[in-house]
Structures are given as C-alpha cells and as structure tokens.
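Visitor: One structure coming up, written as structure tokens, with questions to follow.
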Amino acid sequence: LDIINNIDMENYLRGILPKEMSPSFPKEALKAQAVTSRSFALSNINKFIKKGYNLDDTTSCQVYRGSSCYDKRTDEAIKCTKDQVLTYKGKIAETIFGASSGGYIADASEVWGGDSLDYLKAKEDPYSTYQWDTLIGDNELSKFELGKIYNIEIKEFDNSGRAKKIIVTGQNGLKEFTGNQFRNKLGSMKIKSTLFEIINLGDSFSIKGKGFGHGVGSV
C-alpha cells in the first residue's frame, strides 16, 4: 500500500523546512531555504508520477515529516516568501542542495549524467568545510566479494576532485566502481561523500573525506 498525502505547496513546505534546515538558523537563511525547497518541489513535481504521486518524503526529493515538525520560525519564513521561486531562462530552476560540499561543489552532469546546467557546475565553496574519516575493515570489504582485498585505488577524479572511478583489487580479481557505486556499496552514512582519499593500512583501509552528500548545488 502507498499512503498518499494530498497537500498544498505551502503546507507541504511546513513539513520540510524544519527537517532540511535547523529552525534556529538566521531568518534570512530560512527564507532562502523556503524559496529553494519550493523551487525544487515544483521543478521535480512529477518525479514519481508513474507511481501515482508527485514526490516522496525521503532525500530522493526532500525530507518531509508533516505536522509533527512544524515550527513557528520556519512557518514565518515560508509565509514571508509565499509563492516565490527561483527561475533561469524562464523556467523554474533545479535548485538542488545538500548538507555540505566539503569545500568544492560538484558538477551535476558528472554526478548524475545528462546535460550540464550553467548554475550547477563545479566551483569552490569556502563556506562548507565538513570533514569526516572512517575505517574500512573485513566486514565492509567482504561486500566487494573478491576474497581478501589487496588494494583500493582511485583511478580517476571529476572536475571537483571527487572520486569518479575506483578499482578494488582482491585475491579473486578486480572490480571497477564509480564513486557513487562505491559509496552505496559501503553505505552512504559511512562514506559520506565521494570527495575522499584512501589510505591502505594493510589489513584495512582508512578513508578521509570532506562534505556530506552528493555535493551538487547550494548548501
């Protein structure tokens, strides 16, 4: 069964904003997020239309938790920007956003393919500097199904410095992954972005990265 919530745009945003940005953020930041989230929803309005609904409540679209998360500060930001959207060349813009770019925004066409958009290109972002590190041991390495893993190497980077092609070599051969495939294989909460370096420790691998999420668009 699919439970479908039929709701107007402004009330939909009331269930999104407190989950996509802390209500404690400055008023102008909340207003900017309101415009961004409204534009994103409208530019992706038919993303799941084949399943009988427009958008879902996950990070595939935007995190939505309904009336359970309403907050007066985000409600005010939505009210102040009612019906406002961002446009580019007469169309509602693809206002993609993420948690942290790690200092360098990714090009949308390199992350997901398709045509390149002028406003979603790779560029420096000095305001987003989140860093993380994790250790990859036997439990994670077994997911590659190559027996003992000898090496994991980034063979190609995209224009933002993110891993584009990764080769995993083990006793039973080697496999090639895109950065996103590698991240999904090990878990997107463990490998928080594709902007990372890999250090071979012999019996395990240390991965040190920057950013959180796909890295495309605003943060």
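Visitor: Can you tell which of Lys164, Lys143, Lys190 shows the greatest fluctuation in a Gaussian network model of the chain with Cα springs below 10 Å?
Guide: Maximum fluctuation in the GNM of the chain, among the listed residues, is at Lys143.
Visitor: Residues of the chain: accessible area per residue at 1.4 Å, in Å²?
Guide: That works out to 56 Å² per residue.
Visitor: Something else: If you take every DSSP beta bridge fully contained in the stretch 65-219, what fraction is antiparallel? Give it as a percent rounded to 5.
Guide: 95
Visitor: Same structure again: With r defined as the distance between the Cβ atoms of Tyr70 and Asn5 and R0 fixed at 25 Å, what FRET efficiency is calculated, to the nearest 0.05?
Guide: 0.95
Visitor: Which net charge results for the neighbourhood of Val85, defined as the other residues with beta-carbon distances under 14 angstrom from its beta-carbon, given Lys and Arg at +1 and Asp and Glu at -1? Before the final figure, lay out the partial values.
Guide: On the way: positive: Lys31, Arg38, Lys82, Lys89, Lys91; negative: Glu10, Asp83, Glu94.
So the surrounding residues net to +2.
Visitor: Based on alpha-carbon centroids, what's the gap between the stretch 6-61 and the stretch 145-199 in Å, whole number please?
Guide: Result: 32 Å between the Cα centres.
Visitor: Then there is this: If the cut-off is a Cα-Cα distance under 18 Å, which lysines reach Lys175, setting aside same-chain residues fewer than 8 apart in sequence?
Guide: Lys143, Lys148, Lys155, Lys164, Lys165, Lys185
Visitor: Sum up the lysine pairs in the stretch 1-115 that clear both bars: alpha-carbon distance under 13 Å and a spacing of 8 or more or different chains.
Guide: 5
The values are calculated or read from the model by the stated rules, or taken from the named source; none is laboratory data. Keep in mind the model is a prediction, meaning the values are calculated, not measured. Glycine gets a Cβ as well: all are built from the backbone with ideal geometry, and neighbour counts include every protein chain shown. When the accessible area is computed, the model is the full protein with side chains, heavy atoms only, and any ligands, DNA or RNA have been set aside. Shrake-Rupley method; radii C 1.70, N 1.55, O 1.52, S 1.80 Å.
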